[in-house]
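Inspection log for the structure reproduced underneath, given as structure tokens.
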Amino acid sequence: MSTERKRVARQINKKENVVVFYSGCAPYPLVISKIAKPKQIIGVEINKEGHLYGLENIKLNKMNNIILINEDVKKVLNELEDEYDRIVMPAPDNAKEHIQSIAEKFKKVKNIHYYDFSTEKEIPLLEDKIRKMFKEKVNLKTVKCGNYSPGKYRVCIDIRKI
Ligand SMILES: C[S@@+](CC[C@H](N)C(=O)[O-])C[C@H]1O[C@@H](n2cnc3c(N)ncnc32)[C@H](O)[C@@H]1O
């Protein structure tokens, strides 16, 4: 996934405030912090051990713009202010549970990186479904970034509000 993490990180600029939901042991926050040096990155991970490894990784890499929260995304969604520029959702099994709420709540966000699994044929259907969740006009760009099973890909849909 290192190529994919770098692809996302290279789109981010220094002025941004970024949220990474489902941050695991923090590989996305770390790569984003190193490459893009944004103002702040918040990571949210429900698994305690994953979260603790994330804290250790931040310490080892001496990153000072990352805050990690050990909590369920569902709960954190109610608590975060609508003040972020970009949201990254690197959990193709889980992101579909929260994308609708994120589309409704975060009006100021400009870019969302949404991960899912899809066959080639289903990509246009998935894009349609995502487009309909947003009241704003959005540009979508879908990137295949891994294999899940024969004919099924891990995909990232870059959602950019116009
Ligand atoms: C596929 S892993 C990806 C981890 C990391 N983003 C990476 O790229 O290595 C998905 C992660 O999402 C976390 N997760 C699943 N549901 C969650 C939820 N509702 N709230 C917070 N984290 C969640 C899991 O514990 C797991 O660590």
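The values are calculated or read from the model by the stated rules, or taken from the named source; none is laboratory data. Values in this document were obtained by computation on a predicted structure and should not be read as measured data. Reconstructed Cβ throughout: ideal geometry from the backbone, glycine too, with neighbour counts over all protein chains shown.
Some points to look at:
- Some residue of segment 122-135 being under 23 Å from Pro29 (Cβ atoms), at pLDDT 95 or above and out of contact with any Cys (no Cβ under 9 Å at 6 or more places or on another chain): no
- One residue from Lys96, Lys75, Lys37 being within 13 Å of the chain's Cα centre (by Cα) and not aliphatic (A, V, I, L, M): Lys96
- The strands (runs of 3 or more DSSP E) falling completely within segment 93-162 that include 2 or more residues that are of a type in the set (Phe, Trp, Tyr) map to 111-119.
- Long-range neighbours under 9 Å by Cβ, at least six apart or interchain, first residue among the small types (Gly, Ala, Ser) within segment 139-158, second at pLDDT 95 or above and assigned to a strand (DSSP E or B): Gly146/Tyr153; Gly146/Arg154; Gly146/Val155; Ser149/Phe117; Gly151/Thr119
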